[in-house]
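Worksheet: the structure to be examined is printed underneath.
The values are calculated or read from the model by the stated rules, or taken from the named source; none is laboratory data. Note that the structure is predicted; figures quoted are calculated from it, not measured. Positions of Cβ are backbone-derived with ideal geometry, glycine not excepted, and every protein chain shown enters the neighbour counts. Just so you know, the surface numbers come from the protein's heavy atoms only, side chains and all, with ligands and any DNA or RNA stripped out. Shrake-Rupley method; radii C 1.70, N 1.55, O 1.52, S 1.80 Å.
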Amino acid sequence: MEMKGKLLDVSNLKVSFYTYRGVVKALNGVDLWMDSGERLGVVGETGCGKSVTSLAVMRLIEQPGEIQEGKVIFNGTNLVELSEEKMNRVRGVEMSMIFQEPRSSLNPVMKVGYQIGESIAKSKKIKIKQTYPEVKEMLRLVGLDPERVMNSYPHELSGGMSQRVMIGMGLASHPK
Ligand SMILES: Nc1ncnc2c1ncn2[C@@H]1O[C@H](COP(=O)(O)OP(=O)(O)O)[C@@H](O)[C@H]1O
Ligand SMILES: [Mg+2]
């Protein structure tokens, strides 16, 4: 059942990085919200906190960074307080992220079809082979030749094709 109201409601989000040269207060109380089916563009100069905001929402801030304060209410649940195990189920299934560096996000030793299949298999709890019709559809959706791309390794694709594969993977689980 879909929840009424905001799908994502971030309030007073504060993230700091404890570097050896001092504390970087990267986010000083970010508020944003969006409903299901909405798109939100975040614009700002380099270093203003766009990436850190997105990573914090996905709970992907790593040491020496830390979420210090604030709430990330997603579908009624505060992700800031969620266990890592439960967060793993939200990530890549209910919400997903398309990373900026497609090459470093794809596994170089696995064929592309298998990698996309893996992400669908995870969300649907089915075998990877069973996902292949859907993988093909997804690749077609992002404007790639399914047969060719499925059987390619990441190094055989151009940067733009890799980025499309990442978009396909992000959409594969039909995140909210
Ligand atoms: N691992 C880190 N260690 C220290 N500071 C960081 C780290 N990651 C990001 N920051 C700082 O957080 C701030 C926001 O960065 P970021 O979200 O990447 O900006 P952008 O809006 O360009 O995506 C910047 O001042 C950046 O230097
Ligand atoms: Mg950025």
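What the table shows:
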read-out	value
Residue selected from the range 96-127 under the condition basic (Lys, Arg) and part of a loop (DSSP other than H, G, I, E, B), by the criterion farthest from ligand 1 (Cβ to nearest atom)	127
Identity of the residue in the range 77-95, at pLDDT 95 or above and in a loop (DSSP other than H, G, I, E, B), that ends up farthest from ligand 1 (Cβ to nearest atom)	83
Condition met for residue 99 (at pLDDT 90 or above and among the hydrophobic types (A, V, I, L, M, F, W, C))	no
Output for the range 16-66, where each listed residue is without any contact (Cβ under 8 Å) to a residue 24 or more places away in the chain, within 8 Å of ligand 1 (Cβ to nearest atom) and in a strand (DSSP E or B)	24
Residues being under 14 Å from residue 10 (Cβ atoms) and surrounded by 12 or more Cβ atoms within 10 Å (Cβ to Cβ) - total across the range 27-67	20
Selection status of residue 49, modelled with pLDDT of 95 or more, under 17 Å from the mean Cα position of the chain (by Cα) and either farther than 19 Å from residue 81 by Cβ or among the hydrophobic types (A, V, I, L, M, F, W, C) (or both)	yes
Filter result (open to solvent by 60 Å² or more (accessible area, probe 1.4 Å), under 16 Å from the mean Cα position of the chain (by Cα) and either under 19 Å from residue 61 (Cα atoms) or of a type in the set (Phe, Trp, Tyr) (or both)) within the range 91-137	98, 99, 100, 101, 104
